[in-house]
Structure formats: C-alpha cells, structure tokens
Amino acid sequence: MKRIGIHKPTLEDVIEVSGVEMLHPGGLELTRRSAEIAGMQPGMKVLDVSSGRGTLAILYTQEYGVEVTGLDLSEEMIKIASSNALSKGLEGRVAFIQGDSQALPFSDNRFDVVINECAVGIPDDSQKVLDEMVRVVKPGGTIVIHESTWRKKLSDDEKTELSERYGTTPLEYDEWMSMLEKAGVTDIVSEFEEWSKPEMFWKLRAERDVRSFSEVLTLSERLTTFKRILGKYGIKGVIKAAENEKIVRRTILEEKVGYCLFKGIKG
Ligand SMILES: C[S@@+](CC[C@H](N)C(=O)[O-])C[C@H]1O[C@@H](n2cnc3c(N)ncnc32)[C@H](O)[C@@H]1O
C-alpha cells in the first residue's frame, strides 16, 4: 500500500531520528532468534535488508561468524552503521551499502540468508521487497522477515489511518503468508504470539533493560529527539509526532497490532 504521508512525522520517523540503536520491537532477543532460525553458520553470506544503524549486522558477524552485507536507503544510516562496524574492528567482515530494497543492487542467487527486520512494510511495494529478497538468495537459501501484523479485525479505514501514523503498513497474518508464497518462499514457519506482546515494543535498547514505553529514551535523548523533530518538521511536526505516538501506543496496548517472525526457504 502506498502511504500518502498525511501524518508526518510518523512514529517510524521519530524512532529513526531518536538515535536508538535498534529499530525493531523485540530487541537483541529477536535478532538472535532470527539468526538461529535462519541457521546462520560461520562463513555464510548474509544480506541484512534495511540494516538501519547496523546493530543487527554487527551482531550476526560477531556472534555467528557470518559475512554480512547491510543495505539501507538512508545515506545517514549507512554512515552510522559503517562507523559502528569500524569502531568494533569489523572492517572487511561487514559492509554497508546504500540502495532500495525494492530494487536490490545484487545479482541473482548470491546470498545464503536474506533477512529483513521490520522494514518490508515501509516502502510502497512490500511484494516487490519480498520478490527481490527471494531473487538474491540462493536456491535452498533462507528468507527471514519480522513484520508488523494486525492482531484484530479492523476496518480498512482504521488500518489506513494507523499505517499513516505508524509509518509502516502492517498486514494480516494470512496476507504476509500469501505474499511470501507469491514471492517463491516455501516451507514457511512462523512465530507470532511471543513477538507480538506489547512489552516487545519497548525492547529497543541494546544496553538497557527497558520496562515501558517511557523508559525507551533517557531524558537527554528525549530532548535531543525533540530538537531534531523541531528542526526538521517545525512545531506542527512536534505536535503531530506526539499525537501519532499516543494513538499508535494505544493500538499496541490494545493488542491490535503485533509482530510476526516468518522463516522460509527459496523453493
Ligand atoms: C524500522 S527501521 C529497521 C532497521 C533495522 N532493520 C533494525 O531493525 O534496526 C527501517 C529502516 O528501513 C530503511 N528503509 C526505508 N525504506 C527503505 C527502502 N526502500 N530500501 C531500503 N531501506 C529502507 C530506513 O532507512 C530504516 O533504516
């Protein structure tokens, strides 16, 4: 679904400018679970689609001995991820390049694992993202996605409004399954309830155990985020960001939206 940007800055926009190191619910716990179900083994070639600040790609490299390429649309994210990898002495083992997940700049059948944590629903054409992920993974290789999923039956209007405020387009569980199948993914297994719990939504920090939405950012991080939103979107943007946060937060606590982890094989 193409969102038209009527509620900018979306919650995703705010999370991205806030500087948090992980941009997906479930935190490192989910990242490690993704690596495990992907069967990551030393020497495997892994593509992390929409790699953000590089936290996941770095963890896969350090803990699983795989060679990771991270791809992200944002030049700023690529710079941050590359500098994070450099500071950890991982030069040559993990690389970050700029590109669009809807048109991956890689030849066919190149990676053992292609993974996308929380960013299939962000671009206009989620089916294209999945098609591209399948194109670049080797036959028999593994696809893993972790995606926002409606947990309750909502009207189309409510779904559209929430997607605009969130900045990503959640789908129903069956819709994700059929899109994965359409892309050519077989043997799909999924984990739903665990990753859909509201408390997963505030597990965004690598270094701190966070127990509520209000603990995600420290006071000084909140101030920095406020200043960045003000600078980028003006005072109306600050008001809109607060409104979006309140509405999406309520949607999460009412368990209308959650996240599902899917794994499958390129048939
Ligand atoms: C929710 S964050 C997820 C980042 C990372 N996977 C994580 O979990 O920390 C979404 C990321 O998708 C990137 N992104 C948005 N549209 C994209 C596109 N069309 N192609 C590639 N990356 C994109 C954003 O720049 C951002 O880094």
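The values are calculated or read from the model by the stated rules, or taken from the named source; none is laboratory data. The structure displayed is predicted, hence computed values, not measured ones. As a convention, Cβ positions derive from the backbone with ideal geometry for all residues, glycine included, and neighbour counts pool all protein chains shown. SASA here: full protein model, heavy atoms, side chains in, ligands and nucleic acids out. Shrake-Rupley method; radii C 1.70, N 1.55, O 1.52, S 1.80 Å.
Inside region 102-126, residues that are open to solvent by less than 10 Å² (accessible area, probe 1.4 Å) and in contact with a Pro (Cβ under 7 Å, 6 or more places away or on another chain) make up a count of 1. For region 30-38, does any single residue satisfy the condition of being more than 11 Å from the ligand (Cβ to nearest atom), of a type in the set (Lys, Arg) and more than 19 Å from ALA81 (Cα to Cα)? The answer is yes, given that some residue of region 30-38 is more than 11 Å from the ligand (Cβ to nearest atom), of a type in the set (Lys, Arg) and more than 19 Å from ALA81 (Cα to Cα).
Yes or no, residue by residue, for (1) on the phi > 0 side of the Ramachandran plot; (2) open to solvent by less than 20 Å² (accessible area, probe 1.4 Å); (3) in contact with an Asp or Glu (Cβ under 6 Å, 6 or more places away or on another chain); (4) modelled with pLDDT under 95:
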| position | (1), (2), (3), (4) |
| --- | --- |
| MET179 | no, no, no, no |
| MET200 | no, yes, no, yes |
| GLU221 | no, no, no, yes |
| LYS227 | no, no, no, no |
| GLY234 | yes, no, no, no |
| LYS240 | no, no, no, no |
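Remark: pairs (first residue in region 29-51, of a type in the set (Phe, Trp, Tyr); second residue more than 16 Å from the ligand (Cβ to nearest atom); Cβ separation under 7 Å; 6+ apart in sequence or on different chains) are absent.
Residue count for region 62-89 under the criterion of being among the small types (Gly, Ala, Ser) and over 21 Å from ASP13 (Cβ atoms): the result is 6.
Within the set ILE115, ILE97, the sole residue that is more than 16 Å from MET179 (Cα to Cα) and aliphatic (A, V, I, L, M) turns out to be ILE97.
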